[in-house]
Amino acid sequence: MTKLFLAGALFAQLGLMQMTQAPLPPELPWHGASESLIAGADNPWITPGEANGFTATPTYAETRAWLERIDAASPLIRMEVFGRSPQGRDLLAVFVSEDGAAFDPAKPVLFIQAGIHSGEIDGKDAGLMLLRDIAFGDKRSSIDRVNIVFVPIFNVDGHERAGIYNRPNQRGPSNQGWRNTAQNLNLNRDYTKADAPEMRAMLALLQRVRPDLFLDIHVTDGSDYQYDVTYGYQGAGRTWSASPHISRWLDQHFRPDVDRALARQGHVPGDLVFPLNDLAPDEALAGYAFSPRFSQAYGDMIHMASVLVENHSLKPHRQRVLGTYVLYEASLRLLAEHGASLRTASRQDAAARPRELPVGWRQSERTVQRDYLPVGYERYRSAASGRDEVRYTGRAGAPMRIAVHQVEPTGHITRPRAYWVPATKPEVIALLRTHGIQVETITEARTVHVEMLRLPGATLSAAAAEGRQRASSGDPRRETRDEWMPPGSVRVPTDQPLGDLAMILLDPESEDSLFAWGFFNETLQRVEYVEGYIIAPYADALLQADRALRAEFETRLAADPAFAADPDARLAWFYGRSPYADARYQLYPVGLER
C-alpha cells in the first residue's frame, strides 16, 4: 500500500545519489529477550541474515543453497519444488516433520507463506532460523505433535528484482525485493482469479497438504506506532466471517497465546493498523475490507484458519525477524495443544451451508473503541507539498483509546442449489477445478430449467486492474429459462465444503466473482445492429399499434432528457424490444438452479 515510490533516477536528478535510504523517522529504541535466538558467529548453521547482522537478506540462490545444505544434513527437513515462475525459477517448499516422506494425518499442519510481497521478507529470514533450531538446536520438540510446510519465497521473481529504493518506508533489509511478479501481478490479489502460475501452484500445494493454520507474513506500509508485530483475520472481534467457528478459535486461542508469547519476548503485538487519515494518524483508524482475493479472506472462505501478519515497516529488520520467529514458535505450541479443537471448528464451518453470503464490503460510519499505542508526531509546513505534513518524533506516545471504523456488506447473494457453467467457458471450468471445487460434468447435451441474469446496467472499468478489465454487474434482471447446455458443461453444486467459494466465484454480483474479474466481458458486447431506415419506420408503426409500448416510451422520454435528445438511443430502445435483437445480449451465461 506504499504511497510514495522514490526511484534512483529521481535521487540522481536531485543530486542525492549518496542517499541509500529514504529519510525515515527516528526509530524507537528496542531490546528484547528474543535477541537470545540469534546464533553466535561460530555456529556452523548461522543463517545468512544473522551472519550479516540482518542488514541484508540472502538472495534466491543463497537461500536455496542454504536450504539444500540443511535438507542434506537433517532427516527432519525435506525441500521440494512445487512450481515454476514465469522467469523460470523453481518455487520451493520445505517440509519439516519427524514422519519422514509422508505426514502423519493425525498431526496438525502449520503452513508458513513468506515473501508473497518479496520486499517484505521477514518471514523467510525467521523461518531459516527456526529450521536451524529444529534440526540442530533446542526446538526439535516443537514438531513432536505438529508438522510444518514453509514456503520461504513465494514471489521468487520479484525477490530477485531487489534494490535499495524499492520500499522507501521500510527500515531494512538493504536489498528489498519487488512487490509484484515478473508479470506485474500482485499475488495477494490473485487468490480467486489465479492468473499467475505461482498462484496456481500455491493452490495445488494447499489442497495437497491441507493446512490447519496458515500464516501469511508481510510488512506494513503507513503510519508510525509502537507495535512491531500486528496481525488480523476474518471475523476478528466478532465481525462477519465465512468460518465463524474458526474465527472464534482464533479469538479464544491464537490471539491471547500469541500476544502473551510476543510480550514475554519484549515485542509489542497489536491488531492491524490502517489510519483513516495519514495527516492525522491518531484521530481514527480505517476499516479495511478484505475480500477473497486476499490470502486470509480466501482462507476464511475455504474454511482454513488464516492469519495475515503485518510487521511494522519502521521497526528494524532485525527486530521484525525476531518477532516473526516468536510468532512461529507460539503457533507451533498452540497447534500442539489446541490443534484438535481447531480441526473440529474447521469441520463445523465446512459443513455449514449459509443461506446468504455478502457480495462485497465497504467501510461503515459505525465505529468501536480500541486501545492504541501511538508514536508522537509534529506537523511542519512542506515547501514541496504546500501543506502541513506529519513528522514522527521517535518517542512513544501515551496509551489512548481510538475509534476504529467497522466494515459492512454492500449486499448479499442467496444460495442456489447449483450453478450451470456451459462448456463454452472452459477457462472458468478449469479454474473451478484449480480451486478444488467439485463439479459434475455432463457427457451429453441437456436442457436445464434455470434462473439466468441479464445485466443491462453492467459497466467495464476504465483502467486495468491486475492485468484485467474489471466489470460491475449493476442491478441484474432475473429471468427463468430452459437453457441448452452442450456436452462438457458442468453442474456446480453448492452443497459441498467449497460451496461458499463457488458462490463467490460464480455469482456476478460478487466483487471477487470471475465476472467481476473480466472472465465474461464478451457477454457485454453487441454484435448485430440495424440501420435507421429499417428500425425507424418499424418503431413508428409500433407506436401507433401498441398503446402500452407508447406509454412506456413516453415515460422514458419524460424521465431522461439525455435519452430524449439522442435519436440513436431512442431507436436502440425500440430495437432492443424487437424480435430482431440479440436474445443473449448482456445475458450472463451461467445458470442458477434453484
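Data overview
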quantity	calculated
Scan of the range 122-148 for residues that are open to solvent by less than 10 Å² (accessible area, probe 1.4 Å) and either assigned to a loop (DSSP other than H, G, I, E, B) or more than 12 Å from VAL96 (Cα to Cα) (or both), ordered by number	ASP122, GLY123, LYS124, ASP125, ALA126, MET129, VAL146
Failed item in (1) open to solvent by 10 Å² or more (accessible area, probe 1.4 Å); (2) closer than 30 Å to SER36 by Cβ; (3) of a type in the set (A, V, I, L, M); (4) outside any helix (DSSP H, G or I), with ALA336 passing the rest	(4)
Failed item in (1) among the aliphatic types (A, V, I, L, M); (2) within 28 Å of the chain's Cα centre (by Cα); (3) open to solvent by less than 20 Å² (accessible area, probe 1.4 Å); (4) more than 14 Å from SER513 (Cα to Cα), with VAL421 passing the rest	(4)
Selection count, the range 379-402, where residues are within 18 Å of LYS315 (Cβ to Cβ) and part of a loop (DSSP other than H, G, I, E, B)	1
Selected residue (criterion: nearest to GLN226 (Cα to Cα)) from residues of the range 12-26 that are modelled with pLDDT under 95 and open to solvent by 60 Å² or more (accessible area, probe 1.4 Å)	PRO23
Hits in the range 169-189 - residues which are open to solvent by less than 20 Å² (accessible area, probe 1.4 Å), in a loop (DSSP other than H, G, I, E, B) and either touching a Phe, Trp or Tyr at 6+ places or on another chain (Cβ under 8 Å) or polar (S, T, N, Q) (or both)	GLN170, GLY172, PRO173, THR181, ASN186
Conditions (1) more than 19 Å from ALA93 (Cβ to Cβ); (2) within 30 Å of the chain's Cα centre (by Cα); (3) surrounded by fewer than 17 Cβ atoms within 10 Å (Cβ to Cβ): number failed by PRO44	(2)
Members of the range 506-535 found to be in contact with a Pro (Cβ under 9 Å, 6 or more places away or on another chain) and either among the hydroxyl-bearing types (Ser, Thr, Tyr) or over 28 Å from GLN469 (Cα atoms) (or both), listed by number	SER510, THR523, GLY532
Close pairs from the range 45-69: first touching a residue at least 40 places away in the same chain (Cβ under 8 Å), partner open to solvent by 50 Å² or more (accessible area, probe 1.4 Å) and among the acidic types (Asp, Glu), Cβ under 6 Å, at least 6 apart	PRO48/GLU62; TYR60/GLU160
Single residue of the range 197-253 satisfying the filter (more than 30 Å from ARG84 (Cα to Cα) and of a type in the set (Val, Ile, Thr)) that is most open to solvent (accessible area, probe 1.4 Å)	THR239
Criterion (surrounded by 16 or more Cβ atoms within 10 Å (Cβ to Cβ) and out of contact with any Leu (no Cβ under 9 Å at 6 or more places or on another chain)) met by exactly one of SER331, SER364, SER341, SER346	SER346
Test: residue in the range 534-555 that is closer than 30 Å to MET304 by Cβ, open to solvent by less than 50 Å² (accessible area, probe 1.4 Å) and among the aromatic types (Phe, Trp, Tyr)	no
Candidate set from the range 345-378 (those that are hydroxyl-bearing (Ser, Thr, Tyr) and in a strand (DSSP E or B)); member that is nearest to LEU506 (Cα to Cα)	SER364
Selection count where residues are within 23 Å of MET199 (Cβ to Cβ), touching a Lys or Arg at 6+ places or on another chain (Cβ under 8 Å), in a loop (DSSP other than H, G, I, E, B) and not hydroxyl-bearing (Ser, Thr, Tyr), scope the range 76-119	3
Leading residue by the ranking (nearest to GLY532 (Cα to Cα)) among those in the range 558-574 that are without any contact (Cβ under 8 Å) to a residue 12 or more places away in the chain and open to solvent by less than 70 Å² (accessible area, probe 1.4 Å)	ALA572
Filter result (part of a loop (DSSP other than H, G, I, E, B) and among the aliphatic types (A, V, I, L, M)) within the range 190-221	ALA194, ALA196
Failed item in (1) of a type in the set (Phe, Trp, Tyr); (2) within 27 Å of LEU203 (Cβ to Cβ); (3) modelled with pLDDT of 95 or more, with TYR288 passing the rest	(3)
Elements of type helices (runs of 4 or more DSSP H) in the range 529-584, at least 2 residues being of a type in the set (Gly, Ala, Ser), over 50 Å from the mean Cα position of the chain (by Cα) and modelled with pLDDT of 95 or more	532-545
Candidate set from the range 381-406 (those that are over 18 Å from GLU283 (Cα atoms) and not charged (D, E, K, R)); member that is surrounded by the most Cβ atoms within 10 Å (Cβ to Cβ)	GLY394
Hey, VAL326 hydrophobic (A, V, I, L, M, F, W, C), surrounded by 14 or more Cβ atoms within 10 Å (Cβ to Cβ) and more than 25 Å from the chain's Cα centre (by Cα) or not	no
Restricting the range 289-323 to residues that are among the aliphatic types (A, V, I, L, M) and not in a strand (DSSP E or B), the residue that is nearest to PRO409 (Cα to Cα)	ALA289
Subset of the range 288-308 [open to solvent by 10 Å² or more (accessible area, probe 1.4 Å) and of a type in the set (Gly, Ala, Ser)]	ALA289
Contacts under 8 angstrom Cβ, first residue in the range 263-274 being in contact (Cβ under 8 Å) with a residue 40 or more places away in the chain, partner assigned to a helix (DSSP H, G or I) and among the β-branched types (Val, Ile, Thr), 6 or more apart	GLN265/VAL326; HIS267/VAL326; PRO269/VAL258
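The values are calculated or read from the model by the stated rules, or taken from the named source; none is laboratory data. These numbers were taken from a predicted model, which means no experiment stands behind them. Don't worry about glycine lacking a Cβ; one is built from the backbone with ideal geometry, like all the others, and counts go over all protein chains shown. To get the accessible areas, we keep the full protein, side chains included, count just its heavy atoms, and leave off ligands, DNA and RNA. Shrake-Rupley method; radii C 1.70, N 1.55, O 1.52, S 1.80 Å.
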